[in-house]
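Okay, so here's the structure we're looking at.
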Amino acid sequence: MRNLIACEHCDLLMEYPVLNHAQQAHCLRCGNLLMSRPKHSLQLTLSFITASIILFMAANFFPMISAEEAGFKNQMRLLEAAYAFFAYGEWLLGFIVFCVVLLLPFTIMLLIVYLLLPMIFYRRLMPKTNFVARLVFSLQKWSMVDVYLVAMLASITKLTSMVTIELGVGIWAYIAFSLCLSAALANLDKQRFWRYLDKIKCHQILKQQKM
Amino acid sequence: MSSDTKTAKDVALTLCLHCHKLNPVSWSVCSRCGGSIHLRKPKSVQVTLAWLITAIVFYIPANIFPVMTTYAFGRETASSIIGGIFELWEQKSFVIAAIIFVASIIIPILKILLLLWLCLSLKLNLTETLKLRTSLYRLTLWIGRWSMIDVFVVAILVALLQLGGLLSIQPTIGSLAFACVVIATMLAAESFDPRLIWDSLER
Ligand SMILES: [Zn+2]
Ligand SMILES: [Zn+2]
């Protein structure tokens with residue numbers, strides 16, 4: 001049972017693949033990606049997440065786009081992405097946008113730091129690690145940072161035909177943030193993460209036995 | 001299929017979808033991550049169909065009602081999703097028009113039809129095109145979120161274009177309906193269990 005793996009999409013039972021760096025294993029029957037092994041998978045995720053948090057703050061602090069027409073001027077920060085919907089009484093829509101663009105990505109970043117920092121540097125597990133890890137993996141697909149980036153580029157095109165716009169520091173921070181977060185999440189392989197967690201648990205048990 | 005292909009189900013093991021550990025079939029909680037496990041997602045087809053019907057119901061107001069109203073120089077214009085695409089096309093922003101057309105018209109319809117076909121093929125016990133159907137399922141998982149583009153475009157325009165009496169944009173009910181379509185199709189794809197496609201080989 002230990003050295004077997006089953007495909008998530010077709011349930012085929014296979015031997016646990018042994019991978020070299022940068023190799024991927026696909027299911028023999030349906031072609032599903034079973035496992036990928038990037039270099040320093042989890043360390044890389046942690047460093048990209050740290051960068052993402054800083055860039056996320058910057059995107060919230062600096063204005064992203066400002067619009068100007070005949071003396072009237074208005075600017076927008078990431079934080080205001082959903083705010084206008086609330087102002088117009090569309091609170092449900094505002095809540096949805098707030099969740100998928102701001103709340104979920106931020107929560108996921110904090111939870112990943114909470115999990116990985118003690119694991120990598122102190123070989124220790126924080127309380128509720130299992131629950132938090134399951135939460136991170138299930139929330140991951142609901143964070144739509146990359147979709148928002150494309151939407152932003154689309155709206156800039158639309159805006160230039162209507163008013164004079166100016167791009168602020170915020171938008172560059174947001175583009176960098178989006179790329180860093182994607183890189184971090186792409187390197188967070190489920191299989192690798194849980195195997196690493198198992199290793200640390202074994203380590204802890206051995207330590208207790210010695211004492 | 002050759003006789004030596006065994007599934008986890010054949011040897012009485014359940015794959016944990018949270019951490020990918022194999023557990024004995026009789027267990028209901030994963031021994032590694034503590035998540036609840038099922039041999040197959042419970043009531044997968046029914047739940048998928050329920051979310052698909054929700055998506056179809058919301059799809060009608062999403063296309064009938066405008067997504068936003070523009071007040072420019074005293075004039076008021078309501079624009080729907082399709083209207084917005086035509087407008088972009090006329091302004092010669094072909095790439096953006098194409099992106100929004102694919103994201104908000106093609107993807108939702110394609111996704112609903114694909115998932116309906118996947119559910120139907122399970123009811124009909126089809127034993128062909130197994131690999132194709134699994135690949136199409138992965139496609140529905142991956143493309144779903146990109147439909148949100150139009151909702152986000154409205155959000156950005158509404159946030160930015162509040163220029164006094166000169167130019168202002170208000171969101172309208174169409175965009176909420178459209179966001180609901182996207183969420184419902186994502187939940188539908190999530191509830192579908194592609195392993196059921198391969199289970200038809202046993203019978
Ligand atoms: Zn497979
Ligand atoms: Zn598990």
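The values are calculated or read from the model by the stated rules, or taken from the named source; none is laboratory data. The structure displayed is predicted, hence computed values, not measured ones. Cβ placement follows ideal geometry from the backbone for every residue including glycine, while neighbour counts extend to all protein chains displayed. In case anyone asks, the SASA skips ligands and DNA or RNA and just uses the protein heavy atoms, side chains included. Shrake-Rupley method; radii C 1.70, N 1.55, O 1.52, S 1.80 Å.
Considering each residue of segment A:30-49 in turn, at least one proves to be over 24 Å from the mean Cα position of the chain (by Cα) and not assigned by TED's automatic domain parsing to the domain that holds A:F193. Taken over segment A:69-128, the criterion of being open to solvent by 80 Å² or more (accessible area, probe 1.4 Å), closer than 30 Å to A:Q204 by Cα and not hydroxyl-bearing (S, T, Y) is satisfied by A:L110, A:F121, A:R123, A:R124, A:P127, A:K128.
Working only within segment A:8-24, note down all residues that are within 16 Å of ligand 1 (Cβ to nearest atom), outside any strand (DSSP E or B) and within 24 Å of the chain's Cα centre (by Cα).
The answer is A:E8, A:H9.
Yes or no, residue by residue, for (1) facing another protein chain (nearest Cβ under 10 Å); (2) closer than 23 Å to B:R32 by Cα; (3) more than 16 Å from ligand 2 (Cβ to nearest atom):
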{"position": "A:L19", "(1), (2), (3)": "no, yes, yes"}
{"position": "A:A25", "(1), (2), (3)": "no, yes, yes"}
{"position": "A:C30", "(1), (2), (3)": "yes, no, yes"}
{"position": "A:T45", "(1), (2), (3)": "no, yes, yes"}
{"position": "A:I53", "(1), (2), (3)": "no, no, yes"}
{"position": "A:M57", "(1), (2), (3)": "no, no, yes"}
{"position": "A:F62", "(1), (2), (3)": "no, no, yes"}
{"position": "A:E69", "(1), (2), (3)": "yes, no, yes"}
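Residue selection: A:S155 satisfies the criterion of being modelled with pLDDT under 90, closer than 30 Å to B:E87 by Cβ and open to solvent by less than 20 Å² (accessible area, probe 1.4 Å). Each residue in segment A:115-169 was checked for being more than 8 Å from every other protein chain (Cβ to nearest Cβ), farther than 30 Å from B:F73 by Cα and over 16 Å from the mean Cα position of the chain (by Cα), and 13 pass.
Across segment B:1-22, what is the total count of residues that are within 9 Å of chain A (Cβ to nearest Cβ) and open to solvent by 40 Å² or more (accessible area, probe 1.4 Å)? Residues meeting the conditions: 9. Entry remark, segment B:23-59: residues being closer than 23 Å to B:K131 by Cα, open to solvent by less than 40 Å² (accessible area, probe 1.4 Å) and either β-branched (V, I, T) or within 11 Å of chain A (Cβ to nearest Cβ) (or both) number 3 in total.
Of these, B:L201, B:L157, B:L126, which one is among the hydrophobic types (A, V, I, L, M, F, W, C), part of a loop (DSSP other than H, G, I, E, B) and either away from ligand 1 (no atom under 16 Å from the Cβ) or surrounded by 19 or more Cβ atoms within 10 Å (Cβ to Cβ) (or both)?
Details: B:L201 fails: either away from ligand 1 (no atom under 16 Å from the Cβ) or surrounded by 19 or more Cβ atoms within 10 Å (Cβ to Cβ) (or both); B:L157 fails: part of a loop (DSSP other than H, G, I, E, B).
The conditions single out B:L126.
Applying the criterion of at least 2 residues that are at positive phi and modelled with pLDDT of 90 or more to the strands (runs of 3 or more DSSP E) found wholly in segment A:28-138 leaves an empty list.
Of the residues screened, A:S182 is one that is more than 10 Å from chain B (Cβ to nearest Cβ) and either away from ligand 1 (no atom under 16 Å from the Cβ) or exposed (fewer than 15 other Cβ atoms within 10 Å of the Cβ) (or both).
Taking the conditions (1) free of Cβ contacts under 8 Å to residues at least 12 places away in the same chain; (2) surrounded by 18 or more Cβ atoms within 10 Å (Cβ to Cβ); (3) closer than 20 Å to A:M152 by Cα in turn, A:A59 satisfies each one other than (1).
The number of residues in segment A:25-39 being surrounded by 13 or more Cβ atoms within 10 Å (Cβ to Cβ) and either away from ligand 1 (no atom under 14 Å from the Cβ) or over 22 Å from B:L141 (Cβ atoms) (or both) comes to 3.
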